Amino acid sequence: MKKLMMKGNEAIAESAIRAGCRLYFAYPITPQSEIAEYMARRLPEVGGVFLQTESEIATVNMVYGAACTGKRVMTSTSSPGFSLMQEGISYIAGAELPCVFVDVVRGGPGLGNIQPSQGDYFQAVKGGGHGDYRLIVLAPSTLQEAVDLTQLAFDLADRYRNPVLILADGMIGQMMEPVELPEMRDLSTLPDHSDWALRGARNREPHRIAAFNIDPVGLEKMNKRLQEKYRLIEASEQRWEEYRVDGAEYLMVGYGTMGRILKSVVDSLREEGIPAGLFRPVTLWPFPKRRLKELAKKVQLIFVVEMSSGQMVEDVQISVEGKVPVHFYGRMGGVVPTPEEILFAFKEVRKWK
Amino acid sequence: MEVIFKRPKALSDREFTYCPGCHHGIIHRLIAEVIDELDIQEKTIMVAPVGCSVFAYEFFDVDGTVAPHGRALAVATGIKRALPDMIVFTYQGDGDLAAIGIAETIHAANRGEKLTTIFVNNAVYGMTGGQMAPTTLLGQKTTTTPYGRTAANDGYPLHVSEALSTIDGVAYLERTTVSTTKDILNTKKAIKKAFLAQIKGLGFGMVEVLSTCPTNWGMSPVEAQNWLLENMVKEFPPKVFVDKVGD
Ligand SMILES: Cc1ncc(C[n+]2csc(CCOP(=O)(O)OP(=O)(O)O)c2C)c(N)n1
Ligand code: SF4
């Protein structure tokens, strides 16, 4: 299969189309607007629908409507836009509708800036909307992985009837790398969903979709069913990457762009004879707790690096259950930590350990 | 014996939960009759709002869903764009359509979305207990305008149909009442035309129905009818604003 040089945003867009996505709604925001521009060009060629909306609030609700029909639908945005979508995401999760979101995270809070950041971890993973719900969250660290996880995102959304979020950052969105694209999926092979989708009640009882139940016991029942589904997802879908963890005494932990930078940090440390390894969560929810807990027993120190003030680090701490010290290093405001400064920060911590 | 009046097929057998004298029930029935007459029950999808009529998706015997407050027309757009052959309608109150959802309303109309909207204007927020709506009349007392609505503090009653009438994507737009038998029959005709605007692919169709909320107006059903005819009709005159459907 031949490799193509592509920009991250465009690679995600093309991968979505090849996964069978024919409906895309979005409102422009940097650094992800190329997804919308690519979709505007490409979707009409494959008989799909592109619509530029009046706001992210309208967007998420159009996604809700399209998802009610059981067809593959996606939107993309960046941080302030993702904040605006949170109410709708709660409705979509509550109504158990399959769809895919892409959040190409930028510096915050507020208008912030358009540089890469990981400051949306909390709103992505802990639920930025109201109520007890979960998104499946996938975090690519290379463009090839972004392409592959986009395919997986649609399949997981369909399998669990749950919204799936691809959490990338401005770096993944804007950089160029060679990628290998999957074949175009045959739409007739996609899950059909005619058992619940809204397509007109011909020869059957009407289908009704709502995250709504006026009766508290009824609503609790619905919530219990949701929680059961989340337990199943936690048991089956934890994903991660390990790099040089054999014999490691020091474990670096980072996701997305940080994960790839930490790879070179690990290589430098190994060259100096310092036994370091990398653990990179690929699913941020469900967080790959099981494996991290095992690794925690084998290392002396865990060093978490994020492009935020420390959001994922809380999940690392929960996972290792205090069995090993967890240290944190982070930069904010769209600053991407360099391998050199991470090495320096790590060595400072190691000195005092 | 010949049956001359029965429940429309498009209504489910659930009992309405609306207050006595509330117009939601009449309007529901008219929509169901139109769906039956147009023979579109099997391809109709409804989007219910947040407000007293949130249960509408259970009252109609068609596929349906509930949108977040104000977003029914965005949800309907998503459905219609995914399934252009379906007939999709929203049913929205004045709080839903004219306050929180005004952007979705204007833009769905402006895109000429092939959708039908029934806009129930009762000049008040019903479900949350009678607060001011964008359509509350000047001087009208509500729980959040206890001294009466003033233009200086609260602005003027919003004329949504007048505003939408300037938008090119609108194919049918009429304001009606359901206070007399004649008005009821006329509203049914208007609703039918708003559906025909969609079926014929002409664009966005909406009927604004002036309605009572006896509970929150603090009136008997009869007093509420009279108040509507004496006051609301002056502020919001019934009228055909746009008709690209023809006869
Ligand atoms: C985001 C959000 N804000 C506020 C509410 C509370 N709320 C529920 S119904 C309603 C007003 C509905 O009024 P209207 O649309 O006029 O319908 P009616 O009840 O009069 O039929 C409000 C403000 C909500 N459910 N969601
Ligand atoms: S509160 Fe008002 S709008 Fe709601 S059902 Fe009662 S009368 Fe109708």
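Considering segment B:1-117, its Cα convex hull presents a mean projected area of 7.8 nm².
For segment A:235-353, give me the percentage of DSSP beta bridges that are antiparallel, rounded to the nearest 5 percent.
Working: 4 of 17 bridges.
Counting only bridges with both partners in segment A:235-353, antiparallel ones make up about 25 percent.
Would you mind classifying segment A:94-160 by shape? Square roots of the alpha carbon gyration tensor eigenvalues, ordered a ≥ b ≥ c; an a/c under 1.5 is rounded, otherwise it is prolate if a/b is larger than b/c and oblate if not. Can you show the working numbers first?
Working: a/c = 2.73, a/b = 1.19, b/c = 2.29.
The shape class here is oblate.
In summary, the lysines within cross-link reach of B:K80, defined as a Cα separation below 16 angstrom excluding same-chain residues under 8 places away, comprise A:K71, B:K43, B:K114, B:K200.
Which percent of the accessible area of segment A:66-192 is formed by carbon and sulfur heavy atoms (probe 1.4 angstrom)?
Values: 2130 of 3850 Å².
Of all accessible area on segment A:66-192, carbon and sulfur atoms account for 55 percent.
The HN-Hα couplings worked out from phi for segment A:327-332 by the Karplus form 6.51 cos²θ - 1.76 cosθ + 1.60 (θ = phi - 60°) are 10, 10, 9, x, 10, 10 Hz, whole numbers, x standing for Gly and Pro.
If I fit a long axis through the Cα atoms of helix B:72-82 and take the longest principal axis of the Cα atoms of chain B, what angle between them do I get, 0 to 90°, rounded to 10? Here the helix axis deviates by roughly 10 degrees.
Accessible area per residue of the protein assembly as shown at 1.4 Å probe, in Å²?
Numbers: 23530 Å² over 600 residues.
Result: 39 Å² of accessible area for each residue.
Which one, A:V324, A:V253, A:A345, is farthest towards the positive end of the dipole of segment A:232-353 when Lys and Arg carry +1 and Asp and Glu -1 on their Cβ? The residue sitting most towards the positive pole is A:V324. Using alpha carbons only, how many angstrom separate the centre of segment B:134-166 from the centre of segment B:211-247? Going from one Cα centre to the other spans 15 Å.
Could you please put B:H23, A:H327 in sequence from largest to smallest accessible area, using a 1.4 Å probe?
Values: B:H23 0, A:H327 65 Å².
Result of the area sort, largest leading: A:H327, B:H23.
As a fraction of the 1.4 Å probe accessible area of segment B:159-247, surface on carbon and sulfur atoms comes out at 55 percent. Electrostatic tally near A:F122: other residues with Cβ closer than 11 Å to its Cβ, Lys and Arg +1, Asp and Glu -1, net -2.
Between B:V62, B:V88, B:V233, the residue with the greatest mean-square fluctuation in the GNM of chain B (Cα pairs under 10 Å linked by springs) is B:V233.
For the pair A and B, how large is the buried accessible area, both sides, in square angstrom to the nearest 100, if the probe is 1.4 Å?
Numbers: alone 15010 and 11190 Å², together 23530 Å².
It comes to approximately 2700 Å² buried between A and B.
Using helices alone, what [θ] at 222 nm do you get for the protein assembly as shown, with -39,500 (n - 2.57) per DSSP H run of 4 or more residues, divided over all residues and rounded to the nearest 500? Provide the component values of the computation, followed by the final result.
Working: 21 runs with 223 residues, N = 600.
When only DSSP H runs of four or more count, the value is -11000 deg cm²/dmol.
Under a 5 Å amide H cut-off, with hydrogens placed 1.01 Å from N, A:F303 pairs with A:L251, A:M252, A:V253, A:H327 among residues at least 5 apart or on other chains. Distances between placed amide hydrogens fall under 5 Å for A:I166 paired with A:F101, A:V102, A:D103, A:L138, all partners being 5 or more residues away or on another chain.
DSSP assigns beta bridges within the protein assembly as shown; of those with both partners inside it, close to 25 percent run antiparallel. Residue order by solvent-accessible surface for B:H69, B:H24 is B:H69, B:H24, largest first, with ligands and nucleic acids left out and a 1.4 Å probe. What lysines could a cross-link reach from A:K263, if we take a straight Cα to Cα line under 21 Å and drop same-chain neighbours fewer than 8 places away? Here the lysines satisfying the reach criterion relative to A:K263 are A:K289, A:K293, A:K298, A:K347.
What shape does segment B:92-221 take by its C-alpha gyration tensor, where a ≥ b ≥ c are the square roots of the eigenvalues and a/c under 1.5 counts as rounded, a/b above b/c as prolate, and the rest as oblate?
On the way: a/c = 2.54, a/b = 1.52, b/c = 1.67.
The shape class here is oblate.
Amide hydrogen proximity for A:M6: with H placed 1.01 Å from N in the peptide plane, the residues at 5 or more positions away or on another chain lying under 5 Å are A:E177, A:V179. Could you tell me how many degrees, from 0 to 90 and to the nearest 10, lie between the Cα long axis of helix B:24-38 and the main elongation axis, the longest principal axis, of the Cα atoms of chain B? The helix B:24-38 is inclined about 20 degrees to chain B.
If a/c stays under 1.5 just call it rounded; otherwise compare a/b with b/c (prolate if a/b is bigger, oblate if not). Do that for segment B:50-115, with a ≥ b ≥ c from the square roots of the Cα gyration tensor eigenvalues. Display every interim value, and only then the final one.
Working: a/c = 2.24, a/b = 1.02, b/c = 2.20.
Oblate shape, in that a/c is at least 1.5 and b/c is the bigger or equal ratio.
Just to confirm my numbers, what's the Cα centroid distance between segment A:269-340 and segment A:145-183 in Å? For segment A:269-340 versus segment A:145-183, the Cα centre distance is 23 Å. Between the chain alone and the structure with every protein chain in place, find the residues of segment A:50-84 that drop at least 30 Å² of accessible area; heavy atoms, 1.4 Å probe. Buried on complex formation: A:L51, A:E54, A:I57, A:N61, A:M62, A:Y64, A:G65, A:T69, A:K71. Contact-buried residues of segment B:98-134, at a threshold of 50 Å² lost accessible area versus the chain by itself: B:R111 (1.4 Å probe; DNA, RNA and ligands ignored).
A loss of 10 Å² or more of accessible area (1.4 Å probe, protein heavy atoms, ligands and nucleic acids excluded) relative to the isolated chain is seen in these residues of segment A:85-116: A:E87, A:Y91. Estimated at the nearest 10 Å², the accessible area of A:S268 is 40 Å² with a 1.4 Å probe. The HN-Hα couplings worked out from phi for segment A:292-297 by the Karplus form 6.51 cos²θ - 1.76 cosθ + 1.60 (θ = phi - 60°) are 5, 5, 4, 5, 4, 6 Hz, whole numbers, x standing for Gly and Pro. The calculated FRET efficiency for A:I318 paired with A:E220, based on their beta-carbon distance and R0 = 22 Å, is about 0.30. Considering only B:G21, B:V3, B:A56, and ranking their Cα positions along the charge dipole of segment B:1-115 that arises from unit charges at the beta-carbon of Lys, Arg, Asp and Glu, the one farthest toward the positive end is B:A56. For chain A, the longest principal axis of the Cα atoms and the long axis of helix A:8-18 meet at an angle of about 40 degrees.
The values are calculated or read from the model by the stated rules, or taken from the named source; none is laboratory data. It should be emphasised that the depicted structure is a prediction, and the values quoted were computed from it without experimental measurement. Methodologically, a virtual Cβ is constructed for each residue, glycine included, from the backbone with ideal geometry; neighbour enumeration extends over all protein chains shown. What goes into the accessible areas is simple: the full protein's heavy atoms, side chains included, and nothing from ligands, DNA or RNA. Shrake-Rupley method; radii C 1.70, N 1.55, O 1.52, S 1.80 Å.
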